[in-house]
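Trainee: Quick one: the structure is below, questions incoming.
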Amino acid sequence: MTYYDLAIIGSGSGNSLVTPEWDDKKIAIIDGGIFGGTCLNTGCIPTKMFVYPAEIGHRVAEVESLGVDATVQGARWSDIRDRIFGRIDAISEGGRKYRAEDLDNVTLFSENARFTSLNTLETDSGQIVEAGQIVLAAGSRAVKPDIKGMDLPQVHTSDTVMRVDTLPDRVLIIGGGYIAAEFAGIFTGLGSSVTMVNRSGTLLRGQDTTVTERFTDSAAETWDLKLHCVVESMTANTGGSVTANLASTLDSSEETIEADLILVATGRVPNSDTTGCESVGIDLELDGRVRVDPYQRVLANGEPVEGLWALGDISSEHQLKHVANHEARVVGHNLVHPDDLRESNHRFVPAAVFTHPQIAAVGLTEDQALARERRTGLETVIAVQEYGSTAYGWAMEDTTGFVKLIAEKESGKLLGAHIMGHEASILIQPLIQAMSFDLTVTDMARGQYWTHPALTEVVENALLSLNVDAKPGQPV
């Protein structure tokens, strides 16, 4: 057994906890996966590096209505892939080497580990690690549903699909969440024919109802969308393709789809089970997440465990890198300032779906806001502004983009924002700022200049359309 002052399970956001404040302490980093975690290697970063060229493909297909004759001649998948992973793999390996070889006080265990007690871990190779402080930052993993044929080499999750050798002609995607939507946008933008199979009647069900309905309509025009449908089995064909057997969830109808690649995108689960959390009495949420208090302290029997912390996907309901990074900063502070603990701030957590069209959201949905109104008696007002109602929207001939804002009528407080359309992830940022700093919608709309005729005018006009009682303090 070796004693460490700090043991970190996971090398994603948890890796940032190794700061100069720990230079004279012994640290263990334990990770049996690729160094750097999901975001760097199989998540946010490589997917968005695929999204960008795919979005160019989508835009080229749309410019004919603007009087521009252009076509995409093809996509050099291997060039795109190698550009992306040529950069990412070097960053991952550089980070691994720095932690494993260049820091005398850090020991890297490139294997998995499980709790044997609340302060002791055993690695796959049998090494025992005892630590004064342990941080669970082991992330989550892709779900693989129990479908016959799941082990076929043509079947992938987001962990492996970006490494394939060639761009498939026909792609079948199982799922209708954000991962499914992003990869559908990638493959259609690069020229693949995409079929998406989704159990429910709409895509992106966690989004605001207006977003789910309008995105589902848009998706049905972009790829072959099969709703109220499940994949029951998959069979390999001579020649390398796969036949998927589909069944309706509404009736007894069945059909078959032939594809060259199948992507399973049915969600992710926290890695609490692979780290043995339940076996040592750590509290878990119903979905398997480790329970933590506002200071990110792990709970057992409802009480914080001294010296045990968790952050990121293993404990957070938000499977988002920027949330994991925030929680890592909180844990980093609390580890070295036990008498001045800070709470994580999850008031206004934004998220974006980098599909086509792009989607971004922060705060309450309409349904949540109306439930709040029934509970508190505080009236809710809602405005929906189309991209096509602004000058830049005219320039784009945009017919799908919109901004939806939700506010409290009396105070003018912004409760939620939902955007679908070009660069939604950028347009939402001033709304996040307004919510974070308690700026009323009237002060936001008239307390500053809005550049004309930039696309941000759609946000301005949505703010002005909200029928709130609050008046601007100093209109511009």
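The values are calculated or read from the model by the stated rules, or taken from the named source; none is laboratory data. Treat the numbers as computed from the prediction; the structure is a model and nothing was measured. Heads up, the Cβs are rebuilt from the backbone with ideal geometry, glycines too, and the neighbour counts pull from every protein chain shown. SASA here: full protein model, heavy atoms, side chains in, ligands and nucleic acids out. Shrake-Rupley method; radii C 1.70, N 1.55, O 1.52, S 1.80 Å.
Trainee: I need a count of the residues in region 384-409 that are buried (at least 19 other Cβ atoms within 10 Å of the Cβ) and part of a strand (DSSP E or B).
Mentor: 8
Trainee: Residue 433: within 22 Å of the chain's Cα centre (by Cα), of a type in the set (S, T, N, Q) and open to solvent by 10 Å² or more (accessible area, probe 1.4 Å), yes or no? Before you say what the answer is, go through the steps one by one.
Mentor: Numbers: within 22 Å of the chain's Cα centre (by Cα): yes; of a type in the set (S, T, N, Q): yes; open to solvent by 10 Å² or more (accessible area, probe 1.4 Å): yes.
Considered against the rule, which asks whether it is within 22 Å of the chain's Cα centre (by Cα), of a type in the set (S, T, N, Q) and open to solvent by 10 Å² or more (accessible area, probe 1.4 Å), residue 433 comes out as yes.
Trainee: Suppose the filter is open to solvent by less than 30 Å² (accessible area, probe 1.4 Å), assigned to a helix (DSSP H, G or I), polar (S, T, N, Q) and in contact (Cβ under 8 Å) with a residue 60 or more places away in the chain; does residue 158 pass it? Let's see the steps before the verdict.
Mentor: On the way: open to solvent by less than 30 Å² (accessible area, probe 1.4 Å): yes; assigned to a helix (DSSP H, G or I): no; polar (S, T, N, Q): yes; in contact (Cβ under 8 Å) with a residue 60 or more places away in the chain: yes.
It is false that residue 158 is open to solvent by less than 30 Å² (accessible area, probe 1.4 Å), assigned to a helix (DSSP H, G or I), polar (S, T, N, Q) and in contact (Cβ under 8 Å) with a residue 60 or more places away in the chain.
Trainee: Now for a separate question. Of the residues 263, 246, 299, which is out of contact with any strand residue (DSSP E or B) (no Cβ under 6 Å at 6 or more places or on another chain), at pLDDT 95 or above and open to solvent by less than 20 Å² (accessible area, probe 1.4 Å)?
Mentor: Every option except 299 fails the conditions.
Trainee: Which condition number does residue 65 fail, the rest of (1) closer than 18 Å to residue 352 by Cα; (2) modelled with pLDDT under 95 being met?
Mentor: Answer for residue 65: the failing condition is (1).
Trainee: Same structure again: In region 315-331, what count of residues is obtained for those that are of a type in the set (Lys, Arg) and under 15 Å from the mean Cα position of the chain (by Cα)?
Mentor: Keep residues of region 315-331 that are of a type in the set (Lys, Arg), which gives 321, 329.
Add one more test, that the residue is under 15 Å from the mean Cα position of the chain (by Cα), and what stays is 321.
Qualifying residue count, region 315-331: 1.
Trainee: Restricting to region 420-449, name every residue that is farther than 13 Å from residue 382 by Cα and of a type in the set (Val, Ile, Thr). Give the steps one after another, and end with the answer.
Mentor: Initial filter on region 420-449 (farther than 13 Å from residue 382 by Cα): 420-440, 442-449.
Correct list: 426, 428, 432, 440, 442.
Trainee: OK, next. Out of region 441-466, which residues are open to solvent by less than 30 Å² (accessible area, probe 1.4 Å), over 25 Å from residue 353 (Cα atoms) and out of contact with any helix residue (DSSP H, G or I) (no Cβ under 6 Å at 6 or more places or on another chain)?
Mentor: 442
Trainee: For residue 438, indicate whether it is open to solvent by 30 Å² or more (accessible area, probe 1.4 Å), under 30 Å from residue 305 (Cα atoms) and not hydroxyl-bearing (Ser, Thr, Tyr). First the steps, then the outcome.
Mentor: On the way: open to solvent by 30 Å² or more (accessible area, probe 1.4 Å): yes; under 30 Å from residue 305 (Cα atoms): no; not hydroxyl-bearing (Ser, Thr, Tyr): yes.
No, not satisfied.
Trainee: Does region 10-35 hold any residues that are surrounded by fewer than 23 Cβ atoms within 10 Å (Cβ to Cβ), part of a loop (DSSP other than H, G, I, E, B) and not hydroxyl-bearing (Ser, Thr, Tyr), and which are they?
Mentor: 18, 23, 24, 25, 26, 32, 33, 34
Trainee: Hey, among 225, 203, 246, 250, which residue is of a type outside the set (Phe, Trp, Tyr), assigned to a loop (DSSP other than H, G, I, E, B) and in contact (Cβ under 8 Å) with a residue 24 or more places away in the chain?
Mentor: Values: 225 fails: assigned to a loop (DSSP other than H, G, I, E, B); 246 fails: assigned to a loop (DSSP other than H, G, I, E, B); 250 fails: in contact (Cβ under 8 Å) with a residue 24 or more places away in the chain.
Exactly one residue qualifies, and that residue is 203.
Trainee: If I filter region 333-350 down to residues being touching a residue at least 40 places away in the same chain (Cβ under 8 Å) and over 15 Å from residue 292 (Cβ atoms), which single residue comes out as farthest from the chain's Cα centre (by Cα)? Even if it seems obvious, please write down each step before you answer.
Mentor: Step one: filter region 333-350 for residues touching a residue at least 40 places away in the same chain (Cβ under 8 Å), giving 335-336, 341-344, 347-348, 350.
Right, trim to over 15 Å from residue 292 (Cβ atoms) and you get 336, 347-348, 350.
On the way: 336: 30, 347: 17, 348: 15, 350: 10 Å.
If we take residues in region 333-350 being touching a residue at least 40 places away in the same chain (Cβ under 8 Å) and over 15 Å from residue 292 (Cβ atoms), then 336 is farthest from the chain's Cα centre (by Cα).
Trainee: If residue 144 satisfies all but one of (1) modelled with pLDDT under 95; (2) more than 18 Å from residue 244 (Cα to Cα); (3) of a type outside the set (S, T, N, Q), what's the number of the condition it fails?
Mentor: (2)
Trainee: If I filter region 266-287 down to residues being farther than 18 Å from residue 311 by Cβ and of a type in the set (A, V, I, L, M, F, W, C), which single residue comes out as most open to solvent (accessible area, probe 1.4 Å)?
Mentor: By that ranking, first place goes to 286.
Trainee: Is there any pair linking a residue in region 171-184 that is in contact (Cβ under 8 Å) with a residue 12 or more places away in the chain and within 18 Å of residue 154 (Cβ to Cβ) to one that is surrounded by fewer than 24 Cβ atoms within 10 Å (Cβ to Cβ) and of a type in the set (Asp, Glu), with Cβ under 8 Å and at least six apart or on different chains, and which?
Mentor: 171/260
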